[in-house]
Amino acid sequence: MRKHLLLILGLFVFFLHLVEETKPAQNNYTIPTFKRFTLNDVLSNESIVEFVQDSILKPPYKSAYIDVKWGPLHPRILGLTTKVKDGVFFIQLNRGLSLKATQKVLMHELIHVYQFHYNLLEDLPNGNVRWKDSVYTWSMAWKDRPWEIHAEAWSTKLFKTDSLYLEN
Ligand SMILES: [Zn+2]
(Lines give C-alpha, C1' and ligand atoms only; values in the text may rest on other atoms or scores of the structure.)
Protein backbone atom coordinates (compact mmCIF):
# COMPACT_ATOMS: atom_id res chain seq x y z
CA MET A 1 0.00 0.00 0.00
CA ARG A 2 2.76 2.40 1.05
CA LYS A 3 4.88 1.31 -1.92
CA HIS A 4 1.94 2.03 -4.19
CA LEU A 5 1.56 5.52 -2.77
CA LEU A 6 5.26 6.25 -3.18
CA LEU A 7 5.07 5.12 -6.80
CA ILE A 8 2.13 7.45 -7.41
CA LEU A 9 4.00 10.32 -5.82
CA GLY A 10 7.03 9.49 -7.94
CA LEU A 11 4.98 9.64 -11.12
CA PHE A 12 3.33 12.81 -9.97
CA VAL A 13 6.59 14.62 -9.34
CA PHE A 14 7.68 13.58 -12.82
CA PHE A 15 4.89 15.66 -14.29
CA LEU A 16 5.13 18.61 -11.98
CA HIS A 17 8.29 20.56 -12.23
CA LEU A 18 8.94 22.46 -9.04
CA VAL A 19 10.80 25.70 -8.84
CA GLU A 20 11.38 27.19 -5.42
CA GLU A 21 12.47 30.78 -5.23
CA THR A 22 15.59 30.82 -3.15
CA LYS A 23 16.84 34.34 -3.40
CA PRO A 24 15.10 37.07 -1.41
CA ALA A 25 13.29 39.59 -3.59
CA GLN A 26 14.75 42.59 -1.78
CA ASN A 27 17.05 43.24 1.14
CA ASN A 28 14.28 44.71 3.24
CA TYR A 29 11.94 41.84 2.47
CA THR A 30 10.87 39.94 5.58
CA ILE A 31 10.63 36.19 5.14
CA PRO A 32 7.02 35.42 6.00
CA THR A 33 6.29 32.87 8.72
CA PHE A 34 4.03 30.83 6.43
CA LYS A 35 7.09 29.79 4.47
CA ARG A 36 7.14 26.90 6.96
CA PHE A 37 5.77 24.63 4.24
CA THR A 38 7.22 24.01 0.81
CA LEU A 39 5.73 23.47 -2.62
CA ASN A 40 6.42 19.78 -2.14
CA ASP A 41 4.18 19.84 0.94
CA VAL A 42 1.47 21.52 -1.12
CA LEU A 43 1.76 18.94 -3.90
CA SER A 44 1.77 15.91 -1.63
CA ASN A 45 -1.96 16.20 -0.91
CA GLU A 46 -3.48 12.85 -1.81
CA SER A 47 -6.61 14.21 -3.48
CA ILE A 48 -4.43 16.42 -5.71
CA VAL A 49 -2.23 13.46 -6.67
CA GLU A 50 -5.36 11.49 -7.48
CA PHE A 51 -6.80 14.25 -9.63
CA VAL A 52 -3.59 14.54 -11.66
CA GLN A 53 -3.39 10.78 -12.11
CA ASP A 54 -7.06 10.09 -12.81
CA SER A 55 -8.20 13.19 -14.65
CA ILE A 56 -5.38 15.18 -16.20
CA LEU A 57 -3.48 12.06 -17.27
CA LYS A 58 -6.54 10.07 -18.27
CA PRO A 59 -6.70 8.07 -21.51
CA PRO A 60 -6.14 8.87 -24.30
CA TYR A 61 -2.97 10.02 -22.59
CA LYS A 62 -2.01 13.53 -23.49
CA SER A 63 1.07 14.31 -21.51
CA ALA A 64 1.00 17.56 -19.61
CA TYR A 65 3.94 19.45 -18.25
CA ILE A 66 2.88 21.60 -15.31
CA ASP A 67 5.23 24.04 -13.68
CA VAL A 68 4.14 25.13 -10.19
CA LYS A 69 5.79 28.10 -8.59
CA TRP A 70 5.22 30.65 -5.85
CA GLY A 71 4.07 33.64 -7.86
CA PRO A 72 4.51 37.32 -7.34
CA LEU A 73 0.74 37.72 -7.37
CA HIS A 74 -1.48 40.55 -6.21
CA PRO A 75 -2.60 39.70 -2.63
CA ARG A 76 -6.18 39.24 -3.83
CA ILE A 77 -5.18 36.74 -6.52
CA LEU A 78 -4.75 33.36 -4.86
CA GLY A 79 -3.60 31.40 -7.89
CA LEU A 80 -3.11 31.81 -11.61
CA THR A 81 -2.91 29.24 -14.41
CA THR A 82 -1.34 30.08 -17.75
CA LYS A 83 -1.29 27.84 -20.79
CA VAL A 84 2.20 28.40 -22.16
CA LYS A 85 1.57 26.24 -25.22
CA ASP A 86 -0.14 22.91 -25.98
CA GLY A 87 0.52 20.58 -23.07
CA VAL A 88 2.61 23.08 -21.10
CA PHE A 89 1.12 24.94 -18.17
CA PHE A 90 2.35 27.33 -15.53
CA ILE A 91 0.60 27.62 -12.17
CA GLN A 92 1.47 30.43 -9.79
CA LEU A 93 0.38 30.21 -6.18
CA ASN A 94 0.08 33.00 -3.64
CA ARG A 95 2.38 32.46 -0.70
CA GLY A 96 0.09 34.13 1.82
CA LEU A 97 -2.24 31.25 2.70
CA SER A 98 -2.22 28.27 5.03
CA LEU A 99 -1.14 24.89 3.66
CA LYS A 100 -4.70 23.62 3.41
CA ALA A 101 -5.93 26.79 1.67
CA THR A 102 -2.96 26.69 -0.73
CA GLN A 103 -3.74 23.06 -1.60
CA LYS A 104 -7.37 23.96 -2.27
CA VAL A 105 -6.21 26.77 -4.59
CA LEU A 106 -3.85 24.34 -6.37
CA MET A 107 -6.73 21.92 -6.92
CA HIS A 108 -8.77 24.78 -8.42
CA GLU A 109 -5.87 25.75 -10.69
CA LEU A 110 -5.31 22.13 -11.78
CA ILE A 111 -8.94 22.06 -12.87
CA HIS A 112 -8.16 25.06 -15.10
CA VAL A 113 -5.27 22.99 -16.50
CA TYR A 114 -7.80 20.23 -17.19
CA GLN A 115 -10.14 22.75 -18.87
CA PHE A 116 -7.36 24.04 -21.15
CA HIS A 117 -5.85 20.60 -21.77
CA TYR A 118 -9.15 19.05 -22.84
CA ASN A 119 -10.15 22.09 -24.89
CA LEU A 120 -13.08 23.25 -22.76
CA LEU A 121 -11.39 26.60 -22.17
CA GLU A 122 -9.39 28.62 -24.68
CA ASP A 123 -7.78 32.02 -24.44
CA LEU A 124 -8.64 33.97 -27.62
CA PRO A 125 -7.19 37.22 -29.00
CA ASN A 126 -8.57 40.63 -28.02
CA GLY A 127 -9.52 39.77 -24.45
CA ASN A 128 -11.89 37.00 -25.45
CA VAL A 129 -12.17 33.55 -23.98
CA ARG A 130 -14.02 30.47 -25.18
CA TRP A 131 -15.74 28.16 -22.71
CA LYS A 132 -17.17 25.06 -24.45
CA ASP A 133 -19.17 26.51 -27.40
CA SER A 134 -19.55 30.11 -26.23
CA VAL A 135 -17.26 33.13 -26.37
CA TYR A 136 -16.99 35.47 -23.38
CA THR A 137 -14.62 38.28 -22.44
CA TRP A 138 -12.14 38.35 -19.56
CA SER A 139 -13.89 41.51 -18.33
CA MET A 140 -16.73 39.31 -17.08
CA ALA A 141 -16.98 39.22 -13.26
CA TRP A 142 -15.12 36.28 -11.71
CA LYS A 143 -18.19 34.85 -10.01
CA ASP A 144 -20.14 34.80 -13.31
CA ARG A 145 -17.47 33.05 -15.36
CA PRO A 146 -18.74 29.56 -16.16
CA TRP A 147 -15.20 28.10 -16.11
CA GLU A 148 -14.73 29.48 -12.57
CA ILE A 149 -18.07 28.08 -11.44
CA HIS A 150 -16.99 24.71 -12.91
CA ALA A 151 -13.55 24.87 -11.25
CA GLU A 152 -15.05 25.80 -7.88
CA ALA A 153 -17.67 23.06 -8.05
CA TRP A 154 -15.09 20.42 -8.97
CA SER A 155 -12.49 21.54 -6.44
CA THR A 156 -15.07 21.62 -3.65
CA LYS A 157 -16.10 18.08 -4.58
CA LEU A 158 -12.62 16.64 -5.17
CA PHE A 159 -10.36 18.35 -2.65
CA LYS A 160 -9.82 16.49 0.59
CA THR A 161 -7.53 17.56 3.38
CA ASP A 162 -4.83 15.10 4.41
CA SER A 163 -5.38 14.30 8.07
CA LEU A 164 -1.66 14.82 8.60
CA TYR A 165 -2.03 18.51 7.86
CA LEU A 166 -5.30 19.19 9.65
CA GLU A 167 -3.60 21.56 12.08
CA ASN A 168 -2.72 23.99 9.31
ZN1 LIG B 1 -10.04 30.10 -11.28
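The values are calculated or read from the model by the stated rules, or taken from the named source; none is laboratory data. Note that the structure is predicted; figures quoted are calculated from it, not measured. Here Cβ is always computed from backbone atoms with ideal geometry, including for glycine, and neighbour counts include all displayed protein chains.
I'd like the residue in segment 128-168 that is surrounded by fewer than 11 Cβ atoms within 10 Å (Cβ to Cβ) and of a type in the set (Gly, Ala, Ser) and, out of all such residues, is farthest from ARG36 (Cα to Cα).
Looking at residues that are surrounded by fewer than 11 Cβ atoms within 10 Å (Cβ to Cβ) and of a type in the set (Gly, Ala, Ser), I get SER134.
Could you tell me which residue of segment 83-98 is modelled with the lowest pLDDT, considering only residues that are under 14 Å from the mean Cα position of the chain (by Cα) and among the charged types (D, E, K, R)?
So, considering only residues that are under 14 Å from the mean Cα position of the chain (by Cα) and among the charged types (D, E, K, R), the one modelled with the lowest pLDDT is ARG95.
Considering only segment 56-160, give the strands (runs of 3 or more DSSP E) lying wholly within it that have at least 2 residues that are of a type in the set (A, V, I, L, M, F, W, C).
Where strands (runs of 3 or more DSSP E) fall fully within segment 56-160 and carry at least 2 residues being of a type in the set (A, V, I, L, M, F, W, C), they are 65-70, 79-85, 88-93, 121-124, 128-131.
Taking ARG130, is it more than 17 Å from the chain's Cα centre (by Cα), closer than 23 Å to SER63 by Cα, at pLDDT 95 or above and of a type in the set (D, E, K, R)?
It is true that ARG130 is more than 17 Å from the chain's Cα centre (by Cα), closer than 23 Å to SER63 by Cα, at pLDDT 95 or above and of a type in the set (D, E, K, R).
Inside segment 53-78, can you point out the residues that are surrounded by 14 or more Cβ atoms within 10 Å (Cβ to Cβ) and farther than 12 Å from HIS117 by Cα?
Selection gives GLN53, ASP67, VAL68, LYS69, TRP70, GLY71, LEU73, LEU78.
Any idea which of (1) touching a residue at least 12 places away in the same chain (Cβ under 8 Å); (2) more than 13 Å from the ligand (Cβ to nearest atom); (3) at negative phi is the one GLY127 doesn't satisfy?
Of the numbered conditions (1) touching a residue at least 12 places away in the same chain (Cβ under 8 Å); (2) more than 13 Å from the ligand (Cβ to nearest atom); (3) at negative phi, the odd one out for GLY127 is (3).
Residue by residue through segment 79-124, note down the ones that are within 15 Å of the ligand (Cβ to nearest atom), surrounded by fewer than 18 Cβ atoms within 10 Å (Cβ to Cβ) and touching a residue at least 60 places away in the same chain (Cβ under 8 Å).
Within segment 79-124, just LEU97 meets the criteria.
Considering segment 130-167 alone, what residues qualify as being more than 14 Å from the ligand (Cβ to nearest atom) and of a type in the set (S, T, N, Q)?
Across segment 130-167, the qualifying residues are SER134, THR137, SER139, THR161, SER163.
All but one of (1) modelled with pLDDT under 95; (2) within 13 Å of the chain's Cα centre (by Cα) hold for LEU106, so report the exception by its number.
Evaluating LEU106 over (1) modelled with pLDDT under 95; (2) within 13 Å of the chain's Cα centre (by Cα) leaves (1) as the failure.
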